[in-house]
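Undergrad: This is the structure I have questions about; it appears just below.
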Amino acid sequence: MEPPAAILETARRQQRRSAWLRTLTQWHWISSGLCLIGMLLFAVTGITLNHAASIGATPQIDTVEAQLPEALLESLRTQTASRPDKAPLPAALSAWLDHRVPHSVSGLPADWSEDEIYLAMPRPGGDAWISVDLRSGELLYEETDRGWISYFNDLHKGRNTGVMWRWFIDVFAVACVVFCITGLLLLQLHSSRRRSTWPLVGLGLLLPLLLALLFIH
């Protein structure tokens, strides 16, 4: 029969283990809830990116051609000399464009030169641009839409997605790290009753390592 002190110490160890297990489980399910949709998105787009050459897509291109009013064109010509190489479009030009192109251009930085104003508007899954010829007053707008698969692929890469999406990727990555680490610690706590735990974890490490060493040159 065990002495009372040993029984008490065993009970304390079990209590500590139970408390640790509850904490890990709580962090694990919370991080899994935060990561669930993001992990599905990044897993699916990982497949589509890996087979991008095999997934056919026909970009849809829309164009708009217009002629600037002479008064507006003269105003732009006089402003060209005083404008820096990178500056937003004037309010008058932005207001005129709002009625002719499908996207607002107010406040967007454009490239200015003596002969042309060029505004690039890249976005996930496509892009658009506006060119204003300061000699002839000809305006050309072109928008390219590469489809939903390209859109989600660009979200995966963080391409042309803006600051808020980059912040989301960072927070999502931290949540994934928490999910993986708590999962590993839970595996360690249950490994004594599951003999295949560490062989499977080792295989998860060994398989990509071997593939990288043997097949990636």
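Undergrad: Would you mind calculating the gained length between Leu211 and Thr23 on full extension (0.36 nm times residue separation, minus the Cα-Cα distance), in nm to one decimal? Numbers along the way, then the final one.
TA: Details: separation 188, 0.36 × 188 = 67.68 nm, distance 3.60 nm.
Contour length minus Cα-Cα distance gives 64.1 nm.
Undergrad: Here's something else I'd like to know. List the relative contact order of region 56-192 as a percent without decimals, with contacts defined as Cα pairs under 8 Å and 6+ residues apart.
TA: 23
Undergrad: How large is the translational diffusion coefficient of region 96-157 in µm² per second when you combine the Kirkwood radius over alpha carbon pairs with Stokes-Einstein at 20 °C and 1.002 mPa s?
TA: On the way: Rh = 12.9 Å.
Taking Rh from Cα pairs, D becomes 166 µm²/s.
Undergrad: Using the Kyte-Doolittle scale, which helices in the chain average at least -1.0 and also have C-alpha atoms spread 24 Å or more along the helix axis, with helices defined as whole DSSP H runs?
TA: Going by DSSP H runs, the hits are 4-50, 162-190, 197-215.
Undergrad: How long is the chain along each principal axis, judged by its Cα atoms, biggest number first, in Å?
TA: So the extents along the principal axes, rounded to whole Å, are 103, 40, 28.
Undergrad: Highest mean first, what order results for 65-78, 200-213 on Cβ atoms within 10 Å?
TA: 65-78, 200-213
Undergrad: If you project the alpha carbons of region 60-146 onto their three principal axes, what span does each projection cover, largest first, in Å?
TA: Here the Cα extents, ordered largest to smallest, are 38, 23, 20 Å.
Undergrad: Only Lys, Arg, Asp and Glu count, each charged at its Cβ (+1, +1, -1, -1), so figure out the dipole size of region 126-217 about its Cα centre, rounded to 20 debye.
TA: 960
Undergrad: Right, something else. Rounded to two decimal places and with Rh computed the Kirkwood way over Cα pairs, what is Rg over Rh for region 157-217? Walk me through the numbers on the way to the answer.
TA: Values: Rg = 16.8 Å, Rh = 14.5 Å.
Radius of gyration over Kirkwood radius for region 157-217 works out to 1.16.
Undergrad: Can you give the FRET efficiency for Arg12 and Ser196, using 1/(1 + (r/R0)^6), R0 = 22 Å, r = Cβ-Cβ distance, to the nearest 0.05?
TA: 0.10
Undergrad: May I pose another question? Treat the count of other C-beta atoms within 10 Å as a stand-in for reagent exposure and order Ser54, Ser18 from fewest to most.
TA: In increasing order of surrounding Cβ atoms, one gets Ser54, Ser18.
Undergrad: Rounded to the nearest 0.05, what FRET efficiency do Leu203 and Asn50 give with R0 = 25 Å and r taken as the Cβ-Cβ distance? Could you check?
TA: Numbers: r = 21 Å, r/R0 = 0.85.
Approximately 0.70, to the nearest 0.05.
Undergrad: Return the distance in nm (one decimal) between the two label points of a simple spin-label model at Ala173 and Leu189, each offset 7 Å from Cα along Cα→Cβ.
TA: 2.9
Read the figures in this text as sums done on the coordinates, not as results from a lab. Since the structure is predicted, the reported quantities are computational estimates derived from the model, not experimental observations. Glycine gets a Cβ as well: all are built from the backbone with ideal geometry, and neighbour counts include every protein chain shown.
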